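Student: Got a structure here, written out as structure tokens. Questions coming.
No lab work stands behind these numbers, since they all come straight from the coordinates. Since the model is a prediction, treat every value here as computed from it, not as a measurement. Quick reminder, even Gly has a Cβ in these numbers, built from the backbone with ideal geometry, and neighbours come from all protein chains shown.
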Amino acid sequence: MESSAVIDLESQRRACTQCWLRTLCLPAGASTDDMERLERLVKKRRTVGRGEYLYRAGSGSARLYVARDGAFKTVAGDADGSQQVVGFHLPGELVGLDALGDDAHRCDAIALDAARVCEVPLADLAEATGAVAGLQRQLLRVIGYALNRGHDHLEMMGRRQADERILLFLLDLSRRFEALGRDGEEFVLPMTREDIASYLGLVIETVSRSFTRLQDDGVIAVRGRRLRLLAPRRDEEAREATTRRH
């Protein structure tokens with residue numbers, strides 16, 4: 001991508017806020033030259049339609065992805081053909097970290113809605129981490145966040161009550177939206193309730209009943225996929241809200 005002779009750094013930062021995970025692409029103190037270098041990392045931009053694959057399990061990868069808009073789910077299958085949703089990726093979050101270990105993706109990445117995606121070659125990213133101050137540390141933080149999401153998923157699955165699994169899931173989404181500079185109190189769920197059920201090891205009927213109970217208890221307000229959190233935001237208080245009826 002060609003760069004202009006003069007770049008408005010603040011405008012560039014605002015543009016990247018809509019495209020990149022800010023903790024990766026906007027390290028503190030980034031100069032105009034650094035921003036130009038980061039912009040040049042994006043070698044390809046493409047659109048992915050709803051239900052289309054960004055990549056398939058077993059395919060090799062020499063790049064990471066980030067959606068300017070649109071969200072993705074990652075789905076893992078087993079030998080008997082059953083599938084489970086193992087992750088969700090919101091607009092602005094990196095996708096494809098599962099291939100860093102053995103250079104092959106371990107799951108499918110499927111668009112939950114129409115998305116515009118930037119592709120970042122790993123070789124170029126590795127080179128940039130040595131040239132842009134603070135970028136390597138930021139990248140490690142992003143990988144750490146991804147690992148933490150895996151731990152949070154296990155914590156959700158370990159909860160006995162379906163209502164508590166659902167609420168922990170919604171609180172996690174809220175924190176992630178806020179980290180991306182979006183509204184964490186009210187948002188549109190990019191995934192279906194079937195996807196949520198698969199991710200949390202529940203059946204769709206249980207998820208629907210849990211949403212109804214949480215709404216009746218005044219914890220959430222939901223209409224279709226638009227959801228608003230009404231209960232106190234702290235995890236401890238939110239958990240108490242789900243267990244009052246048990």
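Student: Where in the range 63-158 are there trypsin sites (Lys or Arg not before Pro) that are in a DSSP coil and have at most 15 other Cβ atoms within 10 angstrom of their Cβ?
Tutor: Numbers: sites: R63, R68, K73, R106, R116, R137, R141, R149; in loops: R106.
Those that pass, being in a loop and sparsely packed, are R106.
Student: Count charges around L147 for me, please; just the other residues with Cβ under 12 Å from its Cβ, Lys/Arg as +1, Asp/Glu as -1. Each step should come with its number before you reach the end.
Tutor: On the way: positive: R141, R149; negative: D98, D152.
Its environment carries a net charge of 0.
Student: While we're looking at this one, here's another question. Can you tally the net charge around F177? Count Lys and Arg as +1, Asp and Glu as -1, for every other residue whose Cβ sits under 11 Å from the Cβ of F177.
Tutor: Details: positive: R175, R176, R182; negative: E93, D172, E178, D183, E185, E186.
Spelling it out: positives minus negatives among the neighbours equals -3.
Student: A further question follows. Karplus couplings for the range 198-206 from phi (6.51 cos²θ - 1.76 cosθ + 1.60, θ = phi - 60°), rounded to Hz, Gly and Pro as x?
Tutor: For the range 198-206, the Karplus-derived couplings read 4, 5, 9, x, 10, 9, 4, 4, 5 Hz, x marking Gly and Pro.
Student: How many angstrom separate the Cα center of the range 175-215 from the Cα center of the range 40-85?
Tutor: A separation of 21 Å, based on Cα centres.
Student: Then there is this: Using only alpha carbon pairs under 8 Å that are at least six residues apart, calculate the relative contact order of the range 72-193 and give it in whole percent. Present the calculation step by step, with values, prior to reporting the outcome.
Tutor: Details: 79 pairs, mean separation 22.9, N = 122.
Computed over the range 72-193, the figure is 19 percent.
Student: May I pose another question? Using θ = phi - 60° and the Karplus curve 6.51 cos²θ - 1.76 cosθ + 1.60, what whole-Hz ³J(HN,Hα) does each residue of the range 137-143 get, with Gly and Pro shown as x?
Tutor: 5, 4, 5, 5, 5, 4, 4
Student: Sticking with the crude label model, points 7 Å out along Cα→Cβ, report the distance from D217 to A126 in nm, one decimal please.
Tutor: Distance between label points: 4.9 nm.
Student: Please sort by residue number the GluC sites (Glu not before Pro) in the range 122-206 whose DSSP state is loop and whose Cβ has at most 15 other Cβ atoms within 10 Å. Could the numbers behind the result be given before it?
Tutor: Values: sites: E127, E155, E164, E178, E185, E186, E194, E205; in loops: E185.
Those satisfying the criteria are E185.
Student: Taking every pair of distinct Cα atoms and averaging 1/r, then inverting, what Kirkwood hydrodynamic radius in Å comes out for the range 44-120?
Tutor: Computed over Cα pairs of the range 44-120, the Kirkwood hydrodynamic radius comes out at 12.3 Å.
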